[in-house]
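The values are calculated or read from the model by the stated rules, or taken from the named source; none is laboratory data. All figures in this text were calculated on a predicted structure; none of them were measured in a lab. Heads up, the Cβs are rebuilt from the backbone with ideal geometry, glycines too, and the neighbour counts pull from every protein chain shown.
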Amino acid sequence: MRTEKTACILCSRNCGLLIDIDEQGKFGKIRGDEQHPVSKGYICQKAARLTHYQVNADRLTQPLKRQADGSFVEVSWDEALDDIAKQLVTIREQHGGNAFASVGGGGQGNHLGGAYLAQIRAAMKSKFNYNSLGQEKTGDFWVNGRLFGKQTCHTTEDVEHADYVLFIGCNPFQSHGIPNARDTLKEIRKDPNRTMVVIDPRRTETAKQADIHLQLKPSTDAFLMSAILAIIVRDGLHDTEFLKQHCVGFEQVEVALKQIPIADYVARADVPLELVEKVARDFATAKTACVRIDLGIQHTLNTTLNGYLEKLLYLITGNFGIKGGNNLHASLVPVLGHTDERKGHIKRSVYHQMFPISGIFPPNILPDEILLVGEQRIRAVVVDSSNPLLTWPDTPALEKAFKSLELLVVVDVAMTETARLAHYVLPAASQFEKWEFTGFNLEFPRNGFHLRHPLLPKYGNTLPEPEIYTRLLEKMGAIPKKLPLLANIARYEPKASKHIGYMAAFAAFLARNKAYQAFAASILYRTLNEVLENGAAVAAPLLPLAMQFAYEHSEAVQRAGFKGNRVSLGAELFAAILRERSGIIFSEHRYQDVWSLVKTKDKKIHLAIPEMLQELRLLAQQQATTTSEYPFVLAAGERRSYNANQIYRDPAWRKVDPHGAMRMHPQDAQRLNLVEGDKALCASKHGQISVVIEFDEGMRMGTVSLPHGYGIRYNNGQVLGPELNRLTASNDCDPLSRTPYHKYVPVRIDRVEM
Ligand code: SF4
């Protein structure tokens, strides 16, 4: 038995782990890694059962090609990649870049493949990058772009140090998202000088620990947040000094907020006005306060407006750029791009004329872009580490769209529902069999990074994604198999100079050979393969990123313990990334550095966003969309004790909730003549699914919830638990960001007679 260091891959926290592994490669005990510089030994119950991800009946071992009768036959890598390359090149030559889209590009802690997949898009001359952030966070990114100057400006919240915390539409006890969530919540709860407020339609596990729970009606968050803002402005509790010094446009915001009918909006949210007044006052006057939000307000009506209002809460009260407030953070790996749709060169989708946000197109439009565009349609799709058939809205529409493609390739660890529709299924190494990193480093002022080493040997005939996409690029003729000049440099130079000389030669090579710039990741990988041991060259794209980061944030990197000048610092950082098995702290900013991360030309926050102020004006006209036919609001995609992303396929991993039960208030159940454990039919305008009822007194009457992570056909068997996206529709989405209304699905529930 040996003990190895790695990270949990089940949520964005990516806690450091110690895993005992026996001689056969079987996982034994899994516990927190106390040396991990961010999680420091913390884990939740989900990580302990990761063996079910590593070993399960759906694991892929060999490239598969679909036959005319729908069955799959094993083929060699060369056969699969030769044919895929030939088809992709033909499609590009006959139909241009519009004919290709990539889908996915990495899951939690599985990000290296995404950098390599982007090169396939470039080789196809396509801009169509569809991934799940486009159904979750892009409304938020769009607002960030307008407020802070670039969509790459990503915000974080200093919950650990705040005196007053507003949790809106999130349940960190189950969904985490903040450092060591359960410990952090406990500390706030135990401290009489700190206050925790939860705004959520359900009395969640977090709400039970809170000082105040505002159990609002589902999807009335915009009403409640604008009322809180209006109270703050009415009572003169906004931070005039901060606004004057750091913001522009407050006057227009103030005018809009003064028109909010406070009592009416609070009544619409159906929470006590007195309590809302208290929250507004105490939040605005707390020494430090921050706001933490999540999908509860991002998967529902007014998504983008919600993001705007939530940011106004901390901005107009001056809780930004301080300890215990909200902040921007620096990123070692740029997960987000900046695609301002007001610029003419931004490529839009063909049918919906939808623009990307942060470089990402929204999943909601994909079926139409495949099915409704005639000659200009998307004809070929590569899906990477993603199972959109279950996780994106409108399963039947996606199924129809994917079946109509000329080429669908799925790269994944397991045979997913999406993979079953593919022409080719390519088996990827698991996250414990390859080099990988945890990409969501969202902390400020200290930020961490963890490159994980492979713990287990190659499984079957799998390959890591970087190798799959590099081979594909070579077969497409995008890069030659041999780049003699660079290979030569790599052979004698890097170890001596810690890659600095190599990077200079590499930059000069790309300057002379611009056609290769889009394929820098694969060129680095191939040319450094001989000098970085044990296959670590797949992580070579981190070298220029580390050098660039250290150049831009040299003081923060030095404060994190690295020595050197602006150039050599990056090489030191890269060496530490490769070396440190528990991960590293790569930057230690000071709170005032947040202003260097603001990207507006005048370094001020631009508070007045015309589109959002217009939406705020129109909010009063919004009507509820439940009807007598569909009287319940379903919050689809709840996070619970034993659900995770779709990479846990084997149902044996769950200790509880095998059916992914529908939570319902007992009185609602009584009216429908349902008892706990009953089967019921849940129907929306778009489809119906079978559910099992569970009582939950924490549910608001008239609302029900179902968890995500179910609907899987494990080992090609029966559907396990709710297939949520048979209930959702592509066009039920935010008008600006097109993120879906998953937390607001009007449904009817009927008892199933046994
Ligand atoms: S699920 Fe999230 S919080 Fe739990 S151990 Fe894994 S990374 Fe940590």
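Quick look at the numbers
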| quantity | calculated |
| --- | --- |
| Condition met for GLU205 (within 16 Å of the ligand (Cβ to nearest atom), under 29 Å from THR625 (Cβ atoms), free of Cβ contacts under 8 Å to residues at least 60 places away in the same chain and of a type outside the set (Lys, Arg)) | yes |
| Segment 12-26 residues that are over 14 Å from LEU50 (Cβ atoms) and assigned to a loop (DSSP other than H, G, I, E, B), paired with ones that are modelled with pLDDT of 95 or more and aliphatic (A, V, I, L, M) (beta carbon under 7 Å, 6 or more apart) | none |
| Residues satisfying the stated conditions in segment 235-257, i.e. assigned to a helix (DSSP H, G or I) and surrounded by 15 or more Cβ atoms within 10 Å (Cβ to Cβ) | PHE242, LEU243, HIS246, PHE250, VAL253, GLU254, ALA256, LEU257 |
| Residue check, VAL165 crowded, with 23+ Cβ neighbours inside 10 Å, away from the ligand (no atom under 16 Å from the Cβ) and assigned to a helix (DSSP H, G or I) | no |
| Residue in segment 20-38 that is touching a Pro at 6+ places or on another chain (Cβ under 8 Å), more than 10 Å from the ligand (Cβ to nearest atom) and aromatic (Phe, Trp, Tyr) present | no |
| Lone unmet requirement of (1) within 10 Å of the ligand (Cβ to nearest atom); (2) assigned to a loop (DSSP other than H, G, I, E, B) for ALA57 | (1) |
| Of all residues making up segment 595-634, the number that are touching a His at 6+ places or on another chain (Cβ under 8 Å) and not in a loop (DSSP other than H, G, I, E, B) | 3 |
| Members of segment 1-19 that are near the ligand (Cβ under 10 Å from one of its atoms) and either crowded, with 19+ Cβ neighbours inside 10 Å or over 15 Å from PHE437 (Cα atoms) (or both) | ALA7, CYS8, ILE9, LEU10, CYS11, ARG13, ASN14, CYS15, GLY16, LEU17 |
| Residues of segment 439-453 classified as under 23 Å from ALA118 (Cβ atoms) and touching an Asp or Glu at 6+ places or on another chain (Cβ under 7 Å), total | 1 |
| Residue identified as touching an Asp or Glu at 6+ places or on another chain (Cβ under 7 Å) and surrounded by fewer than 18 Cβ atoms within 10 Å (Cβ to Cβ) among LYS475, LYS403, LYS458 | LYS458 |
| Single match in ILE43, ILE91 (criterion: of a type in the set (A, V, I, L, M, F, W, C) and within 15 Å of the ligand (Cβ to nearest atom)) | ILE43 |
| Sole exception among (1) more than 30 Å from ARG579 (Cβ to Cβ); (2) outside any loop (DSSP other than H, G, I, E, B); (3) of a type outside the set (Asp, Glu) for TYR351, by number | (2) |
| Residues within segment 231-269 that are more than 18 Å from ALA620 (Cα to Cα) and of a type in the set (Val, Ile, Thr), tallied | 4 |
| Qualifying residue in segment 95-111 (condition: more than 24 Å from GLY709 (Cβ to Cβ) and out of contact with any helix residue (DSSP H, G or I) (no Cβ under 9 Å at 6 or more places or on another chain)) | no |
| Residue ranges of helices (runs of 4 or more DSSP H) in segment 363-453 with at least 3 members of a type in the set (A, V, I, L, M) | 366-371, 395-403 |
| So ALA48, is it out of contact with any Ser or Thr (no Cβ under 9 Å at 6 or more places or on another chain), within 14 Å of the ligand (Cβ to nearest atom) and not in a strand (DSSP E or B) | yes |
| Conditions (1) modelled with pLDDT of 95 or more; (2) touching a helix residue (DSSP H, G or I) at 6+ places or on another chain (Cβ under 8 Å); (3) under 30 Å from GLU588 (Cβ atoms): number failed by THR416 | (3) |
| SER219 being part of a loop (DSSP other than H, G, I, E, B) and in the same structural domain as PRO201 (by TED's automatic domain parsing) | yes |
| Residue within segment 322-345 that is assigned to a helix (DSSP H, G or I), buried (at least 24 other Cβ atoms within 10 Å of the Cβ) and touching a strand residue (DSSP E or B) at 6+ places or on another chain (Cβ under 7 Å) present | no |
| Residue count for segment 530-551, restricted to those that are part of a helix (DSSP H, G or I) and in contact (Cβ under 8 Å) with a residue 40 or more places away in the chain | 12 |
| Hits in segment 316-356 - residues which are on the phi > 0 side of the Ramachandran plot and without any contact (Cβ under 8 Å) to a residue 60 or more places away in the chain | GLN353 |
| Subset of segment 336-364 (residues that are among the hydrophobic types (A, V, I, L, M, F, W, C) and out of contact with any helix residue (DSSP H, G or I) (no Cβ under 9 Å at 6 or more places or on another chain)) | ILE346, PHE355 |
